[in-house]
Amino acid sequence: MKENFKLGIEFAKEMDGKDELRHYKERFYIGEGELYFDGNSLGACSKDAEASVLEMLEIWKREKILMWNFEDGKYFKYPQFIGGLFSEMVNADKNEITATNSVTINIHQALATFYKPTKERYKILVDELNFPTDIHAVKSQIRLKGLDIEDTLKVVKSRDGRIIEEDDIIDALTDDVAVVLLPSLLYRSAQLLDMERVTKAAHEKGIIIGWDLSHSIGSVPHDFKKIDPDFAVWVTYKHISAGPGANAVLYINKRHFGTEPGMAGWHGNKKETQFLLSHDHTPAEDADAWLTGTPNMLSMAPIEGVMRIFNEAGIDKIREKSLKMTDYIIFLIEERLSKYGFSNGTPVDHARRGGHIALEHDEAYRICLALKEKNAIPDFREPNVIRLAPVALYVSFEDIHKLVDILEEIGRDKLYEKFSNKRALVV
Ligand SMILES: *Cc1c(COP(=O)(O)O)cnc(C)c1O
């Protein structure tokens, strides 16, 4: 792979010329000269997402309460309709997926449902490098059961601060573990975990396992028919680009249909009898049973628009381009940036790499400030990581080349020295 790459802007332009997905960039709002590499924190707005929000407003204006019955109940059943738009991307049945709440709340819901500690089997297994909110949710669910966190939470350590070895996870699957919650992709290093192998090992021990796909959804295809997880959650505002605070998604494997949801609400009731308004809860027979309150229509509408783009482009093509782009960044780091103290902290092996690159440098924070001043947007993760996400639908090879030009200049001329190391509220 590395051998195929060449230095120089001409090569980048040649790659763009061959890129089947290059036209999708026109459907996104990217400023003139803007190099946007933070789509793994907040994806860019598309015209499709914008149009579907405006359409939802129109429907509200025109239909008011009648909107719930409008178009054969499409909007009343909107969470599963939106969830179903991900069925190809994760290879799951449409009624196993529903859009609701945030990832944090969906983790609470899944644990409230599946975490049933006994004297012998009561531990929850997590990893040391997961995103904080997942761990906060796990700890509060342990506390709600009246158990001791120290004794109940089992944490798989990283050997090097970047990677979690699947072997270490599997070794930790002891008979006292009740539930496992892991990220598909580590948000800092972009390591992709072997979900199929770990899930199989958990199931051999009779352990429930859930995956948080927040950092891989939209850049990596997943095959849930093969992986067979018990539950999964993911955000839609990162690679999916559905906008700040757009609803998250909850997947419940159909073998768990019929399990009583841990946190019940009237929208989890069977649609046919919901408006009988009975105090006896009759859960829906599919993933909708895990819904709670009235769906956040305006926060789901942009997902409908942007998923049209994803399903049109196809996740396999997106993955193919994404890997080519991260390969290209790794090549340019080695060839042009390593001499200025930059190094790659992301696995080089395709099977272990997601859709972003962790560019490491001792001055990472100040380098990010220098990049932003030049209209190049990365993000920073403590203590020394510059994350660069070339989102396949709106980043070009030429953009990558321009970004590396800027990074080279910042490194060579130490342009970061004029910035303060004092952290901003959102970094
Ligand atoms: C981004 C992210 C979240 C965000 O959770 P919200 O509740 O939707 O804010 C959670 N977990 C992981 C692993 C993430 O990457």
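The values are calculated or read from the model by the stated rules, or taken from the named source; none is laboratory data. Note that this is a predicted model, so its numbers are computed, not measured. Neighbour counts run over all protein chains shown; Cβ positions are idealised from the backbone, glycine included. Only protein heavy atoms, including side chains, enter the accessible area calculation; ligands, DNA and RNA are left aside. Shrake-Rupley method; radii C 1.70, N 1.55, O 1.52, S 1.80 Å.
For the chain, a Gaussian network of Cα nodes joined below 10 Å ranks Tyr237, Tyr187, Tyr122 by mean-square fluctuation, and the top entry is Tyr122.
Evaluated with a Cβ-only charge set (Lys, Arg +1; Asp, Glu -1), segment 280-415 carries a dipole of roughly 520 debye about its Cα centre, given to the nearest 20. By DSSP, the beta bridges lying fully in the chain are antiparallel in about 55 percent of cases. Against the chain, whose longest principal axis comes from its Cα atoms, helix 103-114 is set at around 40 degrees.
So what is the relative contact order of segment 169-219, in percent, for Cα pairs below 8 Å that sit 6 or more residues apart? Please list the in-between numbers first.
On the way: 59 pairs, mean separation 24.5, N = 51.
Worked out over segment 169-219, it gives 48 percent.
Which value, in nm² and rounded to one decimal, describes the direction-averaged projected area of the C-alpha convex hull of segment 136-228? The partial results should precede the final answer.
Working: hull surface 26.1 nm².
Taking the Cα atoms of segment 136-228, their convex hull projects to 6.5 nm² on average.
Placing unit charges on each Cβ (+1 for Lys and Arg, -1 for Asp and Glu) gives segment 345-418 a dipole about its Cα centre, and among Leu359, Leu393, Pro383 the Cα reaching farthest toward its positive end belongs to Leu393.
Axis of helix 315-332 versus longest Cα principal axis of the chain: the two differ by about 30°, to the nearest ten degrees. If I fit a long axis through the Cα atoms of helix 47-63 and take the longest principal axis of the Cα atoms of the chain, what angle between them do I get, 0 to 90°, rounded to 10? The answer is roughly 30 degrees. Farthest towards the positive end of the charge dipole of segment 14-173, among the residues Ile30, Val138, Val155, is the Cα of Val138, using unit charges on the Cβ of Lys, Arg, Asp and Glu.
Direction-averaged shadow area of the convex hull around the Cα atoms of the chain, nm²? Mind dumping the intermediate values first?
Details: hull surface 87.3 nm².
Result: a mean projected hull area of 21.8 nm².
Can you pull the percent of segment 92-162's accessible area that's carbon plus sulfur, 1.4 Å probe, other chains left in place? C and S atoms contribute 52 percent here. For segment 284-412, the spread of Cα coordinates along the three principal axes comes to 59, 28, 25 Å, biggest extent given first.
For the chain, a simple Cβ point-charge model (Lys and Arg +1, Asp and Glu -1, everything else neutral) yields a dipole of about 600 debye relative to the Cα centre. Diffusion coefficient (Stokes-Einstein, Kirkwood radius over C-alpha pairs, 4 °C, 1.567 mPa s) for segment 139-189: 103 µm²/s, rounded to a whole number. Note: segment 1-143, Cα convex hull, 240 Å³ per residue.
Charge dipole of segment 1-115 (Cα centre as origin; +1 on each Lys and Arg Cβ, -1 on each Asp and Glu Cβ, all else neutral): 260 debye, rounded to the nearest 20. Packing-based ranking of 37-47, 340-350, 140-150 yields 37-47, 340-350, 140-150, ordered from highest to lowest mean Cβ neighbour count within 10 Å.
Built from the Cα atoms of segment 141-291, the convex hull projects on average onto 11.1 nm², one quarter of its surface area. For segment 209-354, the fraction of 1.4 Å probe accessible surface lying on carbon and sulfur atoms is 52 percent. In terms of its C-alpha gyration tensor, segment 232-348 comes out prolate, because a/c is 1.5 or above and the ratio a/b outweighs b/c. Accessible area per residue for the chain, computed on protein heavy atoms with a 1.4 Å probe, is 43 Å². Across the options Phe114, Thr199, Leu185, the greatest Cα extent toward the positive end of the charge dipole of the chain (unit charges at beta carbon of Lys, Arg, Asp, Glu) belongs to Phe114. Converting phi to 3J(HN,Hα) with the Karplus coefficients 6.51, -1.76 and 1.60 and the offset θ = phi - 60°, segment 273-285 yields 10, 4, 8, 7, 6, 6, 7, 8, 7, 10, x, 4, 8 Hz in sequence order, with x at every glycine or proline.
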